[in-house]
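Working notes, structure below.
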Amino acid sequence: MTQLDELEFDNVQIDQHGPIAVLTVNRPRALNALNADTLSEIAQAVNMIIEDAEVGALIITGGGEKAFVAGADISEFGDLEGVYDGRELALAGQDVMHQISSLPIPVIAAINGYALGGGLELALACDVRVASAGARLGLPETGLGLIPGFGGTQRLPRLIGTGRALDLILTARQVRADEALAMGLVNYVADNALTKAREVAEAMLKNAPIAVSLVKEAVRRGMDTTLEGGLEIEADLFGMTVATKDFREGVDAFLNKRPAEFQGE
Ligand code: CAA
């Protein structure tokens, strides 16, 4: 089987250390902007990651010193004509973001610089966001005559509330990492976003993988339904965890005052 870090893409790099895969969007000359090729490479890389049973957590970050991802590639916008092309571009980006947000393993954005437009939308598709102290985040699309098209109008208000999301989108302003932390847009601010993201991934990897995956499913499906519907989903998935070997192991480990060793079964 091909090792993940042997895969060769032009604009995406994957490094794997044990159960943690790091996907780096690597076009620093364009601040890692998402052109069509890069989006397609991210989709292919994520597909390979899903199939690799060794990978228990994914970190997404940006190559170079300045940016996580500075948005969709504006230099390709000249080719867009009319409603149909615009809709196709949005759907293509949304598909990739959906693919990431649906992964059964934890996904952490290590925001090491600018996360703007489609770049912030990529970070919003992750489960947890870690920003470096110098990061700048925003959805500047209205300043280009656009609206966010890779999920920003939907995921941002679900994360930080309608009022804050509308403020950010309508002003098109960039926020610094400390303000992003205060509004719940990022979970952590650290000197080195990647190092902190690894720490967070390691903490998640200590827990039972099936439970971790089902938590993601419960939260994701629950956000799209009523409280009552969400509680039903939770009960169903709770029932599934009780049927796992890892649940027996977790309880036995607790009662015998030893660390649990989960097998993902
Ligand atoms: N698309 C294409 N190229 C980009 C880019 C983008 N989104 N962002 C930066 N670049 C390129 C610049 O054109 C420049 O290339 P050249 O050296 O060839 O001129 C290079 O990256 C370095 O950028 P700057 O010289 O502009 O760097 P800076 O430090 O002066 O500014 C910045 C940094 C504030 C992030 C600025 O680059 C910027 O504003 N970028 C655009 C951000 C943006 O508007 N993103 C939203 C895109 S629309 C979108 O994403 C729609 C959607 O919802 C899907």
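The values are calculated or read from the model by the stated rules, or taken from the named source; none is laboratory data. Predicted, not measured: the structure shown is a model, and the values here were computed from it. Heads up, the Cβs are rebuilt from the backbone with ideal geometry, glycines too, and the neighbour counts pull from every protein chain shown.
A quick yes/no check of all residues on (1) in the same structural domain as A110 (by TED's automatic domain parsing); (2) within 24 Å of A53 (Cβ to Cβ); (3) surrounded by 13 or more Cβ atoms within 10 Å (Cβ to Cβ):
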position	(1), (2), (3)
L168	yes, no, yes
A177	yes, no, yes
L227	no, no, no
F247	no, yes, yes
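Restrict the check to the range 121-140 and report whether at least one residue is touching a residue at least 40 places away in the same chain (Cβ under 8 Å) and either touching a Ser or Thr at 6+ places or on another chain (Cβ under 6 Å) or more than 27 Å from A21 (Cα to Cα) (or both).
Yes, some residue in the range 121-140 is touching a residue at least 40 places away in the same chain (Cβ under 8 Å) and either touching a Ser or Thr at 6+ places or on another chain (Cβ under 6 Å) or more than 27 Å from A21 (Cα to Cα) (or both).
Do we have I111 as within 20 Å of V212 (Cβ to Cβ), assigned by TED's automatic domain parsing to the domain that holds G134 and β-branched (V, I, T) here? Answer is no for this residue. Among the residues of the range 231-265, those identified as part of a loop (DSSP other than H, G, I, E, B) and touching a helix residue (DSSP H, G or I) at 6+ places or on another chain (Cβ under 9 Å) are T244, R258, P259, A260, E261, F262, Q263, G264, E265. Residues G149, G119: which one is within 9 Å of the ligand (Cβ to nearest atom) and within 28 Å of V215 (Cβ to Cβ)? One residue alone meets the criteria, G119. Tallying residues that are more than 25 Å from I74 (Cβ to Cβ), of a type in the set (A, V, I, L, M, F, W, C) and in contact with a helix residue (DSSP H, G or I) (Cβ under 8 Å, 6 or more places away or on another chain) within the range 161-190 yields 3.
Of all the listed residues (A109, A67), the sole one being within 13 Å of the ligand (Cβ to nearest atom), within 17 Å of V12 (Cβ to Cβ) and touching a residue at least 24 places away in the same chain (Cβ under 8 Å) is A67.
All of (1) surrounded by fewer than 22 Cβ atoms within 10 Å (Cβ to Cβ); (2) outside any loop (DSSP other than H, G, I, E, B) hold for R173 with one exception: (2).
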